[in-house]
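The values are calculated or read from the model by the stated rules, or taken from the named source; none is laboratory data. Source: prediction; values computed, not measured. Just so you know, the surface numbers come from the protein's heavy atoms only, side chains and all, with ligands and any DNA or RNA stripped out. Shrake-Rupley method; radii C 1.70, N 1.55, O 1.52, S 1.80 Å.
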Amino acid sequence: MPPEELIPLIREFPDRSIRWLLETPQNVRGLLLAVEADLAEHIHDTHLQRVNRTFILDSFRKREADMIFLASFSDDSAQPPREVIIYILIEHQSTVDPTMPFRVLYYVTQIWEMQRQEWENQKIPLHQWRFRPILPVVFYTGSQPWETPLEMKSLVDLPASLERFVPQQEILFLNMKATVPERLVVGNHPFGWVLRVIQKEEAMAEEFKEALRLAVEHLSQMPQEERANWEKLMRFLLALIYHRREQAERAGFLNLVETTVSDKSRREEVGQMGKTI
């Protein structure tokens with residue numbers, strides 16, 4: 001990876017790092033495994049692709065923390081695989097946004113509007129219109145406890161008898177700081193082990209060290225055909241050390257990462273990554 005491609009990761013780490021990781025389809029599946037493992041098993045990351053957002057309204061497109069993917073979904077029935085949309089909202093704010101249900105509903109309708117415009121442009125007959133299902137995921141990395149409901153009815157002042165007129169949509173939610181660590185590594189996915197390190201980024205040195213060691217050990221088991229993602233995940237861990245740990249700790253953690261990598265060529269590459277950062 002050319003050094004110039006690392007500049008956004010290093011300089012804008014708090015805002016861009018998670019998004020940078022999720023640009024790789026394998027990591028999107030790892031996130032889904034941590035959020036809803038049963039659902040993730042039906043999604044094939046080999047057919048997962050980013051959606052071009054240039055047709056979305058400017059007010060929506062400017063949200064750098066939002067990501068949209070088109071995926072193949074198969075529920076093991078006699079029906080052939082069908083397309084679903086995965087919408088990920090990365091929420092870094094330390095304060096909880098009580099309007100989140102409305103935000104998600106608004107973005108979902110914008111995605112469907114994009115699909116409707118495509119049908120009109122392609123002159124698809126109305127009776128053939130079928131909107132793709134959308135799986136909204138809120139990825140919350142803040143430290144404040146999230147106790148606000150993720151339902152639209154919580155934002156509407158109305159009697160119970162009128163609740164049926166309020167849009168209902170389930171939102172998949174991952175609270176990084178509050179999630180049980182074992183849940184993050186369901187399926188033993190490499191991205192899940194990196195999530196465990198993120199979860200411990202502000203923990204005591206020994207806790208962080210153990211999470212880091214386990215992550216590097218599991219990343220070392222990634223096959224050669226996944227080398228590009230291995231490199232991305234390792235670079236992220238090194239950048240995380242620089243951005244989240246005290247200066248006095250960094251050398252020890254960097255040495256731990258390098259010595260934990262079992263393969264000699266990969267170990268040398270990790271050493272070079274640290275120098276580059």
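From Cα pairs below 8 angstrom and at least 6 apart in sequence, can you work out the relative contact order of the chain, rounded to a whole percent?
17
Rg (Å, one decimal) plus Dmax (Å, integer) for the alpha carbons of the chain?
Looking at the chain, its Cα Rg and Dmax stand at 20.4, 66 Å.
Checking the cross-link filter: which lysines have an alpha carbon closer than 17 Å to that of K200, excluding same-chain neighbours under 8 positions apart?
Correct list for K200: K177, K209.
On alpha-carbon atoms, Rg over Rh for region 124-277 using Kirkwood Rh?
Across region 124-277, the Cα-based Rg/Rh ratio is 1.14.
Quick one: order R130, R183, R29, R266 from most to least accessible surface, probe 1.4 Å.
Ranked list, largest accessible area first: R130, R183, R29, R266.
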